[in-house]
Amino acid sequence: MFVVRTAGLFVLAAVAEIGGAWLVWQGIREHRGALFVCGGLISLCVYGFVATLQPDPNFGRVLAAYGGVFVAGSLVWGVVADGYHPDRYDILGASVCLIGVGLIMFGRHR
């Protein structure tokens, strides 16, 4: 259950953070307006709360591991939202990051 909850919260956090940053980007860089920026800021606040729901009590460990989810999730977001085509180095780098997530969060015997 620990693994499922942790992974689910990481995915939720990634959607909130990456989505929020994307909305701010769209609002400012793509001139889509203040509603996009405000929506992004709200989403970024949601991300901050979601991170506190992780069952592991160690802030540094949770945020370090989440960094790998953020890297991979950002590439996926780019594919879905912006039509980005990751190359083999993007995919390899994201894979290394996700291996790091697994080692940090699940490598210890629980």
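The values are calculated or read from the model by the stated rules, or taken from the named source; none is laboratory data. Computed from a predicted model, the values in this text were never measured in an experiment. Here the Cβ positions follow ideal geometry from the backbone for every residue, glycine too, while neighbour counts run over all protein chains shown.
Residues of the stretch 25-35 that are hydrophobic (A, V, I, L, M, F, W, C) and over 19 Å from the mean Cα position of the chain (by Cα): Ile28, Ala34, Leu35. How do the helices (runs of 4 or more DSSP H) wholly within the stretch 15-110 filter down when requiring 1 or more residues that are of a type in the set (Lys, Arg) and surrounded by fewer than 18 Cβ atoms within 10 Å (Cβ to Cβ): which remain? Qualifying helices (runs of 4 or more DSSP H): 59-82, 88-106. Put simply, of Phe36, Phe70, Phe2 the only residue that is touching a Lys or Arg at 6+ places or on another chain (Cβ under 8 Å) and in contact (Cβ under 8 Å) with a residue 12 or more places away in the chain is Phe2. The residues of the stretch 27-82 that are charged (D, E, K, R) and either closer than 22 Å to Phe106 by Cα or at pLDDT 95 or above (or both), listed by number, are Arg29, Glu30, Arg32, Asp56, Arg61.
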